[in-house]
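*Asks:* Before I ask anything, here is the structure I am working with.
The values are calculated or read from the model by the stated rules, or taken from the named source; none is laboratory data. Computed from a predicted model, the values in this text were never measured in an experiment. Using ideal geometry, Cβ is built from the backbone for each residue, glycine included, and neighbour counts are taken over all protein chains shown. For accessibility, only protein heavy atoms count, side chains too; no ligands or nucleic acids. Shrake-Rupley method; radii C 1.70, N 1.55, O 1.52, S 1.80 Å.
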Amino acid sequence: MKNNKLSNRNTESKPHLSPTQVNMFLRCPAQWYYRYVRGLKRPPSGAATLGSAVDSGITHNYRQKIESHQDLALDEVLDAFSTDFEARKSETLWGPEEKPSQVKDDGARVLSLYQGDVAPTVQPTAVQKRVELDMPNFAYRFVVVPDVVERGSIIRDTKVVKRSPAKVENAPALAPAHQDQMVAYALAYRATQERAEEGCVVDYLVRTKNTKLVQIPFRVTSSHLAYYKNLIGLVARQIEALIFTPNRQNYLCTRRHCGYWEECEKDFGGVVRS
Ligand code: SF4
């Protein structure tokens, strides 16, 4: 892709893309179309609600820690998590075997682990700071909100997962979608700070019976950045060309995981599996 340099110019009139949107588009362009062109909102899954509530607890602590340099008491962090979880609970599409109270207990366990093992080692300098990047030649801004930037220019993100991350060459590795997200964060950091970050870390909180923390460091290279810039340019071009192919080969294309399956069957034919 030519001329793919991104800058953080403010371009109010443009619509925006985000790393989450790019991930959704790559998973299924038709799903992106239903959500962002037709504007059809569907309730989040239990896993998404849990992730957002855990994030609220972590963010509640880190926002004040920028100034105080002190972690809040665990009870206060768990309160922020609980308030957020309860507010989202009724708006969530719970799976048939999911019990919200058990999911909430999982969240409290992984958040307690995070507060004990990770939070004391992190001195945040920025928390969920929105960065808007111009995409020259495209009618879109790219909006990125990195979770946490910590002292020493480390970009940090947290994922609550059901299974430990898969290993590549005997070491746990970032899931490809998470890797792309960290590259997007690095892109935003470099555009605003005019220098490279020192590194990235994803803290995976594994909500198995024996709650576990898996920390995966990641270094963003110029090759990662070139790939990601091409990716977002190509997604933007497909959107401009109104190409929204349904991806039924995507493993999350099921009636349970996609809230648009009825519209999708009506518009494109075929049968979405249960
Ligand atoms: S049902 Fe499958 S193909 Fe259709 S929008 Fe959803 S994920 Fe895409």
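*Asks:* When residues of segment 77-93 are filtered for being open to solvent by 20 Å² or more (accessible area, probe 1.4 Å) and of a type in the set (Phe, Trp, Tyr), how many remain? Steps first, please.
*Replies:* Of the residues in segment 77-93, the ones open to solvent by 20 Å² or more (accessible area, probe 1.4 Å) are 78-80, 82-84, 86-91, 93.
So of that shortlist, the ones also of a type in the set (Phe, Trp, Tyr) come out as none.
Matching residues across segment 77-93 total 0.
*Asks:* Taking the residues in segment 65-76 that are part of a helix (DSSP H, G or I) and free of Cβ contacts under 8 Å to residues at least 40 places away in the same chain as candidates, determine which candidate is most open to solvent (accessible area, probe 1.4 Å).
*Replies:* Just the residues of segment 65-76 that are part of a helix (DSSP H, G or I), to begin with: 65-68, 74-76.
Within this subset, residues satisfying the condition of being free of Cβ contacts under 8 Å to residues at least 40 places away in the same chain are 67-68, 75-76.
Numbers: GLU67: 155, SER68: 48, ASP75: 112, GLU76: 86 Å².
Here the residue is GLU67.
*Asks:* Only one residue in ARG256, ARG273 is closer than 22 Å to SER52 by Cα, within 16 Å of the ligand (Cβ to nearest atom), outside any helix (DSSP H, G or I) and out of contact with any helix residue (DSSP H, G or I) (no Cβ under 7 Å at 6 or more places or on another chain), so which one is that? Give the steps one after another, and end with the answer.
*Replies:* On the way: ARG273 fails: closer than 22 Å to SER52 by Cα.
Among ARG256, ARG273, only ARG256 is closer than 22 Å to SER52 by Cα, within 16 Å of the ligand (Cβ to nearest atom), outside any helix (DSSP H, G or I) and out of contact with any helix residue (DSSP H, G or I) (no Cβ under 7 Å at 6 or more places or on another chain).
*Asks:* Quick one: in segment 174-194, of everything that is free of Cβ contacts under 8 Å to residues at least 24 places away in the same chain and assigned to a loop (DSSP other than H, G, I, E, B), which residue is least open to solvent (accessible area, probe 1.4 Å)?
*Replies:* Only one residue tops the list, namely ALA175.
*Asks:* Does THR158 satisfy the criteria of being at pLDDT 95 or above, surrounded by fewer than 17 Cβ atoms within 10 Å (Cβ to Cβ) and hydroxyl-bearing (Ser, Thr, Tyr)? Give the steps one after another, and end with the answer.
*Replies:* Details: at pLDDT 95 or above: yes; surrounded by fewer than 17 Cβ atoms within 10 Å (Cβ to Cβ): no; hydroxyl-bearing (Ser, Thr, Tyr): yes.
No.
*Asks:* Which numbered condition trips up ARG256, out of (1) free of Cβ contacts under 8 Å to residues at least 24 places away in the same chain; (2) open to solvent by 70 Å² or more (accessible area, probe 1.4 Å)?
*Replies:* Tallying (1) free of Cβ contacts under 8 Å to residues at least 24 places away in the same chain; (2) open to solvent by 70 Å² or more (accessible area, probe 1.4 Å), ARG256 fails exactly one: (1).
*Asks:* Also, I was wondering about something else. Identify, by number, the condition in (1) open to solvent by less than 40 Å² (accessible area, probe 1.4 Å); (2) touching an Asp or Glu at 6+ places or on another chain (Cβ under 9 Å); (3) modelled with pLDDT of 95 or more that LEU111 doesn't meet.
*Replies:* Among (1) open to solvent by less than 40 Å² (accessible area, probe 1.4 Å); (2) touching an Asp or Glu at 6+ places or on another chain (Cβ under 9 Å); (3) modelled with pLDDT of 95 or more, LEU111 violates only (2).
*Asks:* Take segment 260-270 and flag every residue that is open to solvent by 30 Å² or more (accessible area, probe 1.4 Å) and either within 8 Å of the ligand (Cβ to nearest atom) or in contact with a Pro (Cβ under 6 Å, 6 or more places away or on another chain) (or both). Explain how you work it out, then say what you get.
*Replies:* Keep residues of segment 260-270 that are open to solvent by 30 Å² or more (accessible area, probe 1.4 Å), which gives 261-263, 265-268, 270.
Those that are open to solvent by 30 Å² or more (accessible area, probe 1.4 Å) and either within 8 Å of the ligand (Cβ to nearest atom) or in contact with a Pro (Cβ under 6 Å, 6 or more places away or on another chain) (or both): TRP261, GLU263, GLU265, PHE268.
*Asks:* Same structure again: Among the residues of segment 216-243, what is the count of those that are assigned to a loop (DSSP other than H, G, I, E, B) and either crowded, with 19+ Cβ neighbours inside 10 Å or away from the ligand (no atom under 16 Å from the Cβ) (or both)? Step through it out loud before you land on a result.
*Replies:* Within segment 216-243, the subset assigned to a loop (DSSP other than H, G, I, E, B) is 219-221, 241-243.
In the following step, the residues that additionally are either crowded, with 19+ Cβ neighbours inside 10 Å or away from the ligand (no atom under 16 Å from the Cβ) (or both) were identified as 219-221, 241.
Residues flagged as assigned to a loop (DSSP other than H, G, I, E, B) and either crowded, with 19+ Cβ neighbours inside 10 Å or away from the ligand (no atom under 16 Å from the Cβ) (or both) within segment 216-243 amount to 4.
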